[in-house]
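A quick write-up on the structure given underneath.
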Amino acid sequence: MAVGLRGFALRLLTEAGVFSRERIDRGTRLLIDHFEVCATDRVLDLGCGYGVVGIVAALLAPEGSATLVDINRRAVELARQNVALNNISNAEVLCGDGFAPVRDRTFDLIALNPPIRAGLAVVHRLIAESRDHLAQAGRFYLVGRTKQGVVRLSQKMSATFGDVCEVAKGGGFRLYRAEKTNSDSC
Ligand SMILES: C[S@@+](CC[C@H](N)C(=O)[O-])C[C@H]1O[C@@H](n2cnc3c(N)ncnc32)[C@H](O)[C@@H]1O
């Protein structure tokens with residue numbers, strides 16, 4: 001598919017068996033339209049699917065980098081192809097469960113459109129572990145469908161991070177952001 005996002009014209013390969021193969025998911029678009037990426041940010045696209053979030057993040061962070069992770073091998077292969085197709089030189093794509101492929105690394109921004117089908121325990125784990133993989137003042141963004149319980153997920157974010165704000169909503173989706181603050185760094 002061909003798509004314009006944040007002023008970038010992208011070409012994206014998709015396949016059966018990956019999330020939202022026909023078009024960019026509305027939640028994904030809400031996330032991409034509203035996440036604030038600094039030029040030097042190190043971004044993690046957690047559960048990257050065919051890679052659109054991480055690719056836009058890499059373009060918004062030309063002096064930083066994007067790391068894309070997914071547990072699904074087919075998604076990882078597509079994301080790698082899409083990184084190459086869009087001439088992205090500051091992104092890498094890794095296969096694995098959650099933070100396993102980036103065990104010792106921290107990021108300035110983590111973006112998650114959570115795998116609801118994987119179950120609440122997995123989604124809660126990804127939220128909780130995100131905090132451990134953020135640098136101080138790092139931001140965590142989570143988007144989800146209101147009808148699929150994203151407000152409850154924002155409460156898990158509050159329990160993990162403290163303050164959470166709703167950045168945007170529309171089309172039945174809500175986008176939340178939390179920040180890793182200094183207050184509990186001792
Ligand atoms: C809702 S989709 C989002 C895909 C992509 N970020 C987007 O917005 O189009 C969730 C993705 O998480 C992946 N996933 C599921 N469980 C995972 C896990 N434990 N670790 C990493 N990725 C996982 C799925 O394969 C799927 O691609």
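All of the numbers you see were taken from the coordinates with simple rules; none came from a lab. Because the structure is a prediction, the values reported are computed rather than measured. Note that we place each Cβ from the backbone using ideal geometry, even for glycine, and neighbour counts take in every protein chain shown.
Quick look at the values:
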read-out: Hits in region 87-117 - residues which are of a type in the set (A, V, I, L, M) and surrounded by 15 or more Cβ atoms within 10 Å (Cβ to Cβ); value: 88, 91, 93, 94, 102, 109, 110, 111, 112, 116
read-out: Condition broken by residue 31, with the remaining ones in (1) touching a residue at least 40 places away in the same chain (Cβ under 8 Å); (2) hydrophobic (A, V, I, L, M, F, W, C); (3) more than 10 Å from the ligand (Cβ to nearest atom) satisfied; value: (3)
read-out: Residue in region 122-137 that is surrounded by the fewest Cβ atoms within 10 Å (Cβ to Cβ), counting only those that are of a type in the set (Gly, Ala, Ser) and either free of Cβ contacts under 8 Å to residues at least 60 places away in the same chain or away from the ligand (no atom under 14 Å from the Cβ) (or both); value: 137
read-out: Filter result (among the hydroxyl-bearing types (Ser, Thr, Tyr) and at positive phi) within region 1-42; value: 20
read-out: Residue in region 138-157 that is more than 20 Å from residue 28 (Cβ to Cβ), touching a residue at least 24 places away in the same chain (Cβ under 8 Å) and within 15 Å of the chain's Cα centre (by Cα) present; value: yes
read-out: Within region 75-121, tally of residues that are among the aliphatic types (A, V, I, L, M), near the ligand (Cβ under 9 Å from one of its atoms) and closer than 19 Å to residue 177 by Cα; value: 3
read-out: Any hit, region 39-50, residues being within 15 Å of the ligand (Cβ to nearest atom), of a type in the set (Val, Ile, Thr) and in contact with an Asp or Glu (Cβ under 9 Å, 6 or more places away or on another chain); value: yes
read-out: Options 162, 172: the member that is touching a residue at least 60 places away in the same chain (Cβ under 8 Å) and either more than 21 Å from residue 44 (Cβ to Cβ) or over 13 Å from the mean Cα position of the chain (by Cα) (or both); value: 172
